[in-house]
Amino acid sequence: MSKKTETNNKKSYDFNLIVGIVLTAIVVIPSLIGLFWTPYNPETMNSSLKMAGPSLQHLMGCDNFGRDVLSRVMKGSTTTLLIGLGTVAFGCIFGTVVGAFTGYYGGIIDEILMRCNDVMFSFPSILLALVFVAVLGSGKYQVTVALGIAFIPSYARIVRSEYIRIKNMDYVQSAKLAGAADLRVMFVHMLPNCIRVLASSVLIGFNNAVLAEAGLSFLGIGVQPPDASLGSMLSEAQTYLFSKPGLAIAPGITLIMMVLGIALLGKKVDGKK
Amino acid sequence: MDKILEVKDLHVSFAEERKSLFEKKKRIEVLKGLDFHINEGEIVGLVGESGCGKSTLAKSILGLVKPTQGEIIISSKEHPQMVFQDPKASLNPAKTVRFILEEPLRNLTDMSPEERFEKAAEMIEKVGLSKEYLDRYPDELSGGQRQRISIAASLMMDPKLLIADEPVSALDVTVQAQVLELLKELHKSLNLAIIFISHDLRVVYQLCDRVMVMKNGLIVEQNTRDEIYRNPKHEYTKSLLKSAGIGL
Amino acid sequence: MKKFEKILSLLLVCTLTIALCGCGGDKAGDGSTITVGIAQDIEDTMDPHLCAAAGTREVLFNIFEGLVKPNSNGELIPAVAESYEISEDGKTYTFVLRDGIKFHNGKAVTVEDVKASINKCAGADGGETLVAAFSNIASIDTPDDKKIVINLAEADTDFLPNLTCAIIPADHLDASTEPIGTGPYMFVSRSPQDNIVLKRFDQYWGEPAYIENVIFKVIADPDTIVMSLEGGSIDMFPRVTSAQAAELSDNFTVLEGTMNLVQALYLNNAVEPFTDVKVRQALCYAVDPQEIMDFVSDGKGTEIGSSMFPAFGKYFMEELNDVYNPDIEKAKALLAEAGYENGFTFTITVPSNYEQHVQTAEVIREELKAIGVTAEINQVEWNTWLSDVYSGRQYEATVIGVDASTLSARALLSRYVSDASNNFVNFSSAEYDAAYAAAVASTDDEEQTAQYKKCETILTNEASNVYIQDLPEFVAINNKFTGYEFYPLYAQDISKIRFAK
Amino acid sequence: MANNLLHVEDLNIEFHDHIIPETVVYDFDLDMTEGEIVGLVGESGSGKSMSALAIAGLLSRHDMRKRGKIEFGDTDVLTCPREKLRSLQGNEISMIFQEPMTSLNPVKKIGWQVEETMRIHTDKTAEERRARALEVLSHVGLEDAERVYNSYPHQLSGGMRQRVMIAAAMAITPRLLIADEPTTALDVTVQAQIVDLLKHINKKHNTSILFISHDLSLVRSLCSRVLVMKGGYVVEKGPVEEVFNHPVEEYTKKLIAAIPKVEL
Amino acid sequence: MPTVLKKIISAILTILIVSCLVFLAFSIIPGDPAVAKLGTQATPEKLAALRASMGLDKSVPERFLTWILGVLHGDFGKSYSYSMPVTSLIKDKIPLTLMLTVYSFILMIVLSVVLAVYAAWHENSLIDKILQILNQVIMSIPPFFGGILITLFFGLGLKLFTPGGYVSYHVNFGRFMGYMFFPALAIALPKSAMAFNLLYTSLVEEGKKDYARTAFSRGNKTKDVFYKHLLKNACIPVITFLGMALADMVAGSIVIEQVFGIPGLGRILLTSIQNRDYPVVEAIIVIIAVLVVVSNLLVDILYRVVDPRTRS
């Protein structure tokens, strides 16, 4: 696509951007529709349709309970999308606050919070998930909070390094000279300049959040049936990988397309100098 | 003319990272005892090579750096402001010009938004830019325009003392001339005292009434401009003048 | 920079060569070795008297034997004892030690060993009683070096099944690290979470095992079972699901038996609304075991109506299956009578590591919708299930399979006596307690069987739980081997397996 | 023409990575003979750096269209094969840049960087290269050449780094040295020393220098001829004294007037 | 150097906090080793007796102290489920997981460096675009699913290894290394995709810097500029990622060990958590914490080696 197209004074449309938008659209739009309407009720079982192959009525065929896979994928992708975004938002907001304070002040606060980060990193995520499930119970919302908390350290680290880089900039000094209090300097002056780095890491974070949720479902402590996320559908479909690969392909491809689409958008956000 | 700033026996030193566990904590002395004063409405040039402590002096006057010894006396409600050297880094790229100008008013006064907007519009015209620049972002401005904006920002609180840390050295010659012109006018119209930090002796000659020459943390010579340029006493001042191609 | 690039390509080449030289796969069966996949490592103990997990009992069956041992159709045949006699009044059991029988360490089995083993189980020397029934032992005498006489305090015609407990050397009672028994295979070594290796005991009293070496290989991830079988790293895997069985190519035969488990929707009778028998009956009418079997195991599995499965031919009552044939209208009527005309909501807590139980719960949830009852499913981790549900009894309903630890009907019915310590469903009915006591007390076999059957009928009529099925057990075994036999309880008898000609 | 080192004729440079192609240099002509110092003056964005980079063959990025001729000796830099161009770069044509802070590789030792041209273009042994590097480092006025050889760029001051750049450029004495605003980022005193050093190199090795700057007084003290550029065009050129004393173009006048004067 | 001392102290502190948190975690999670051991045979008396023998009747702080004292003189206690000392249980598991992590770490480095330099060098060419899309796709595949795909493709498809056919390195080192290549690949792939991405953007970034232009002005070939000049500078931002990736890989190996049937630390950790086998879990977590801390130290040292500016 190196041919130049005549548009305003910006580099030609980026191949990645188009692919990113198309992929995200293919996945996000059906999942939004899934909130209100799905071709079939994703939970009704029908023993005659057990393991039915794709047909006109059931575009993606039926699973081992005779449930329509397309409806489940639509419902599942909504759950995965919500959990992914919820986790990233939770981790990002708290991570930013932690990162801001450690980066800006340094000294003991930095030392303490960095120690907590190291502790969170070396604590096996499975044990962490078990503790959360024990305390909060399992289910969509609990999983989101559990994963969100596990994501705080990585965001804290990114924001901290950005703040250390920016805090010696001249415009930060002049903000102080203009009488701005520390909090104002941190969140009104410095934060907008890390948005771009944060945005791209948020989108990569989404990718990891979705994969982590799938991992939890793999251990059976993630989303509870008959609710389903793409991740849990994937782990359930693994047992039928030989005889009915389609069962794994449908959620698998949707998951990869969703993650791929959003990652490409992430690259675009990051690429915009 | 009464003194607007008085500096008595000013010392500033930083703790250096300890090389090894046993070594006593070394402190590097940056300012080794400075004594000078600035009168109201006076432009004083501060000349010296990089690393002689010019910027540290500026920061300690502004209160950004705590002096380890000596005092800095500034008259009452005064908020000294500073104009930085690198136009690219001196303005917050994520904020509009209007936000940057109104920032000091928002923090230090209880002006209403309209009043703040008026003051900003008035100030931006004073530095020779039209009102619609208010809604631009720093990236959309040239080096010269950005320096004008940071000068405007530093004058929002009508300070009596302005510190300019090499404000023009990063600009093209023609633009340099215009900014210097602006500083001269503001000095006259607002009776503004300016500490003009620079390593370019020719620019200092054009602008300043008095000149102070600094060499690694000490003021080696301070005198009126003509005295310094016509019969420099200190060896170091002479070598500076010679390398700038000025003098006898 | 030539140097840098050389290092990189060198590294790439060497990682690839290592990979290639690794191919070719190890041949699993070099003549007389069979690798059997097991879902769980022995994680409680190898001491036969202390072990609790079904998976452990299955493996130890090959190493230890009691005075008597069960055969594949559920009868008790003499093992360490050559013969036995039960007195008329059911109070004295006399065993004759099999002569020439040896332990794995080569030492001969003596009456002292037998006495020591039984005393250990009875907790005679201050330890806790490991086999409940042994508390009824008055004394054990050894008149000569061949005979062992066990005198009971009260008569008990059903005492013999307890004597399948393992006989181990008196001087080596702690078998947890170095198990020594009299079984067809002896213990060689184990590496935790990897394998347990057994070898044929050549001086075995009975007919020796066919295959010399047995490797029990731990396959923790159910999804890799099929791949490990196809790949050849294991030759046999007991208890594959119907789905996995369907995936196997034709160089594997899939034998079908029953898991000897009472799978049911167990209801906590102490919790609203399950305190009301009508509500429980309504659920029985709404749940259709056949539909569950269709979904979960392609229609295979045997329907059961009470806490008994077909392997106990003597006590199994086929007719109980039809007491609650699916009838939505009747279920709704019962609910209305009980005051729940527009249904109610309850939670099924189910252990996440048993896929069949989770799937059964999902099907039940669908079925109950027909009568307006909403069942939420809460998957919990096995240990949480054990502590919260099984011992803590903080649950509303759960789906699990209950097995029989010994070959007696009592193992499946004692649980429902009101004050039984393992009565996790909190079932209590005076009529049931009376019938059960009568069964235990009676010395006449017919009378005892009739009482046991009475107990089963009460359980069904009272709808203590919604009984579903005895899950089908599929054993996948490589065509190279044959001779596998199903047992009515948790046992994998490898000694019967031989090479198909 | 005899001993004509560089002949640039009708050079045009167009940027193509933007959607609408943007021309930065129009009909640029320049002739240089051996040992001559020519000044190229103009404000930022006037195209002076672009022309210098084109001459040094560093504008090889595919979205930069170049028309016209740049003949260095008998090779045309624009059309010759990459191999030939590479054999010139660092060997016959060397270049030093404005930002001494970022023009040196921060993670490599100074010695290694100074020896780079020798490693590429000559087959000298390691010892010979080391000796030459130390020699050229001391020529550019660095007292403790040995210490500088073994240190990293961040351990040196701005002025010292610019001297290292010059040493690296002079390691295999080039016939043409292009200096793109070498003194802008330095202190006044250090600026003077660098200018003296360039004069000395020109005299000693007869290296012709193309000196690019926006500081007219500096150009006046160093160059024999000067070209003034504005918006990509060469608006005026000629001997330095003539251009300074009676400039023809309006823009040149304005430039000269803007130089802060010191009349004692 | 005081900084190194400070790092070691904070490392020990981190390990202490982590092990203390594990004790707290277990007091929150329902179930305990006695319940796990007795399973459905549990009766209240049996439970009480077993708990006493395991010392579970003492309070959490007391148990934590006894555990710490034990660790100080090298005794990590006895495993409840295997009733043998934890040290002997884990002794031959540590090299396995370490081997797997190091193996995948090297694979990751080799894959990402070679591909990133190649893609950056041919920026905006077709190969560059293909590698970008491929790398994004690999990044979005869940590790356990990746493991299954690799087993299917290489194991059953190309018969390059026997799925599930783990051979311990005592038995046959060649076949062991051969088998371990594939789980290592499963762990390395997603990580190398990320490393590729980071290194690629960093290389392109460095290419725009002044010293790259100086390198070109000296007559270097493009390949030399990338390898000799840009690569070392571009690695600096990637080093922090490598540190985190190393710690991640230890966690990642837990899932992959499950899929490839490798009896490493991961598998033992998972089963011990489910069996509430506190001593084993504590010991493994301390080991993981040490690994994480060591990887952080390695990152710092690597920084000093690569970037002279940090050697103040």
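The values are calculated or read from the model by the stated rules, or taken from the named source; none is laboratory data. It should be emphasised that the depicted structure is a prediction, and the values quoted were computed from it without experimental measurement. As a convention, Cβ positions derive from the backbone with ideal geometry for all residues, glycine included, and neighbour counts pool all protein chains shown. Surface accessibility is based on the protein's heavy atoms, side chains included, excluding ligands, DNA and RNA. Shrake-Rupley method; radii C 1.70, N 1.55, O 1.52, S 1.80 Å.
Here is how the numbers come out for the structure above:
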{"quantity": "Residue check for C:A311: more than 14 Å from every other protein chain (Cβ to nearest Cβ), in contact (Cβ under 8 Å) with a residue 24 or more places away in the chain and buried (at least 20 other Cβ atoms within 10 Å of the Cβ)", "calculated": "yes"}
{"quantity": "Index of the failed condition, B:R146 passing every other in (1) away from chain D (no Cβ under 14 Å); (2) closer than 21 Å to A:Q173 by Cα; (3) more than 15 Å from the chain's Cα centre (by Cα)", "calculated": "(1)"}
{"quantity": "Qualifying residues in the stretch C:94-115 (those that are farther than 20 Å from C:F187 by Cβ and touching a helix residue (DSSP H, G or I) at 6+ places or on another chain (Cβ under 7 Å)) - the one least open to solvent (accessible area, probe 1.4 Å)", "calculated": "C:L97"}
{"quantity": "Pairs, first closer than 10 Å to C:E366 by Cβ and within 13 Å of chain A (Cβ to nearest Cβ) in the stretch C:284-295, second part of a loop (DSSP other than H, G, I, E, B) and open to solvent by less than 40 Å² (accessible area, probe 1.4 Å), C-beta under 7 Å, six or more apart", "calculated": "C:F295/A:M45; C:F295/A:F65"}
{"quantity": "Checking D:R129 against (1) farther than 18 Å from D:S103 by Cβ; (2) out of contact with any Asp or Glu (no Cβ under 6 Å at 6 or more places or on another chain), the condition it does not meet", "calculated": "(2)"}
{"quantity": "Within the stretch B:1-90, strands (runs of 3 or more DSSP E) holding 2 or more residues that are at pLDDT 80 or above and open to solvent by less than 40 Å² (accessible area, probe 1.4 Å)", "calculated": "B:3-15, B:27-39, B:43-47, B:81-83"}
{"quantity": "Top-ranked residue in the stretch B:216-248 [being of a type in the set (S, T, Y) and under 23 Å from the mean Cα position of the chain (by Cα); ranked as surrounded by the fewest Cβ atoms within 10 Å (Cβ to Cβ)]", "calculated": "B:T224"}
{"quantity": "The stretch C:385-395 - residue that is open to solvent by 20 Å² or more (accessible area, probe 1.4 Å) and out of contact with any Asp or Glu (no Cβ under 8 Å at 6 or more places or on another chain) and, of those, nearest to A:S217 (Cα to Cα)", "calculated": "C:D388"}
{"quantity": "Every residue from the stretch C:285-328 that is of a type outside the set (D, E), in a loop (DSSP other than H, G, I, E, B), under 30 Å from A:M51 (Cα atoms) and more than 18 Å from the chain's Cα centre (by Cα)", "calculated": "C:V287, C:G299, C:K300, C:G305, C:Y324, C:N325, C:P326"}
{"quantity": "Members of the stretch B:166-188 that are within 25 Å of D:L216 (Cα to Cα) and either touching a His at 6+ places or on another chain (Cβ under 8 Å) or open to solvent by less than 20 Å² (accessible area, probe 1.4 Å) (or both)", "calculated": "B:E166, B:P167, B:V168, B:S169, B:L171, B:D172, B:V173, B:T174, B:V179, B:L180, B:L182, B:L183"}
{"quantity": "Any hit, the stretch A:208-230, residues being surrounded by 24 or more Cβ atoms within 10 Å (Cβ to Cβ), under 16 Å from A:K75 (Cα atoms), within 11 Å of chain C (Cβ to nearest Cβ) and at pLDDT 80 or above", "calculated": "yes"}
{"quantity": "Helices (runs of 4 or more DSSP H) contained in the stretch E:227-312 and holding at least 1 residues open to solvent by 30 Å² or more (accessible area, probe 1.4 Å), under 29 Å from A:L130 (Cα atoms) and within 13 Å of chain C (Cβ to nearest Cβ)", "calculated": "E:231-260, E:265-274"}
{"quantity": "Among (1) at the interface with another protein chain (Cβ under 7 Å from one of its Cβ atoms); (2) among the aliphatic types (A, V, I, L, M); (3) surrounded by fewer than 24 Cβ atoms within 10 Å (Cβ to Cβ), the one test that A:A248 misses", "calculated": "(1)"}
{"quantity": "Of the criteria (1) open to solvent by 20 Å² or more (accessible area, probe 1.4 Å); (2) in a strand (DSSP E or B), which one C:E366 fails", "calculated": "(2)"}
{"quantity": "Looking only at the stretch E:95-145, and only at residues there that are closer than 30 Å to E:K78 by Cα and surrounded by fewer than 16 Cβ atoms within 10 Å (Cβ to Cβ), the one that is farthest from the other protein chains (Cβ to nearest Cβ)", "calculated": "E:P95"}
{"quantity": "Test: residue in the stretch B:190-208 that is of a type in the set (S, T, Y), out of contact with any Cys (no Cβ under 8 Å at 6 or more places or on another chain) and in contact (Cβ under 8 Å) with a residue 60 or more places away in the chain", "calculated": "yes"}
{"quantity": "Residues of the stretch A:231-245 satisfying the condition of being within 7 Å of another protein chain (Cβ to nearest Cβ) and not in a helix (DSSP H, G or I)", "calculated": "A:L241, A:F242, A:S243"}
{"quantity": "Selection from the stretch E:258-273 of residues that are within 12 Å of E:S81 (Cα to Cα) and in contact with an Asp or Glu (Cβ under 7 Å, 6 or more places away or on another chain)", "calculated": "E:T271"}
{"quantity": "Leading residue by the ranking (most open to solvent (accessible area, probe 1.4 Å)) among those in the stretch C:157-185 that are farther than 12 Å from C:I63 by Cβ and of a type in the set (V, I, T)", "calculated": "C:T177"}
{"quantity": "Pair list, Cβ under 9 Å, 6 or more apart: the stretch C:429-451 residue in the same structural domain as C:F316 (by TED's automatic domain parsing) and within 12 Å of C:Y315 (Cα to Cα), other residue of a type in the set (S, T, Y) and not in a helix (DSSP H, G or I)", "calculated": "C:D445/C:T157; C:Q448/C:T157; C:Q448/C:S442; C:T449/C:Y315; C:A450/C:S442; C:Q451/C:S442"}
{"quantity": "Qualifying residue in the stretch C:212-235 (condition: more than 13 Å from every other protein chain (Cβ to nearest Cβ) and polar (S, T, N, Q))", "calculated": "yes"}
{"quantity": "Tally of residues being assigned to a loop (DSSP other than H, G, I, E, B), more than 9 Å from chain A (Cβ to nearest Cβ) and either open to solvent by 20 Å² or more (accessible area, probe 1.4 Å) or farther than 15 Å from C:A331 by Cα (or both) across the stretch C:369-381", "calculated": "2"}
{"quantity": "Filtered residue count, the stretch C:70-93, keeping only those that are surrounded by 14 or more Cβ atoms within 10 Å (Cβ to Cβ), under 19 Å from C:K146 (Cα atoms) and out of contact with any Pro (no Cβ under 7 Å at 6 or more places or on another chain)", "calculated": "8"}
{"quantity": "Subset of the stretch C:116-156 that is closer than 26 Å to E:S53 by Cα and of a type in the set (A, V, I, L, M) - its residue that is least open to solvent (accessible area, probe 1.4 Å)", "calculated": "C:I118"}
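Per-residue answers, yes or no, for (1) modelled with pLDDT of 85 or more; (2) over 21 Å from the mean Cα position of the chain (by Cα):
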{"position": "E:F196", "(1), (2)": "yes, no"}
{"position": "E:K208", "(1), (2)": "yes, yes"}
{"position": "E:Y227", "(1), (2)": "yes, yes"}
{"position": "E:L231", "(1), (2)": "yes, yes"}
{"position": "E:L242", "(1), (2)": "no, no"}
{"position": "E:G252", "(1), (2)": "no, no"}
{"position": "E:E257", "(1), (2)": "no, no"}
{"position": "E:G261", "(1), (2)": "no, no"}
{"position": "E:G266", "(1), (2)": "no, no"}
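Listed here are the residues, each with its yes/no results for (1) open to solvent by 40 Å² or more (accessible area, probe 1.4 Å); (2) at pLDDT 90 or above; (3) within 26 Å of D:Y233 (Cβ to Cβ); (4) within 11 Å of another protein chain (Cβ to nearest Cβ).
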site	(1), (2), (3), (4)
D:A54	no, no, yes, no
D:R67	yes, no, yes, no
D:Q98	yes, no, yes, yes
D:H139	yes, no, no, no
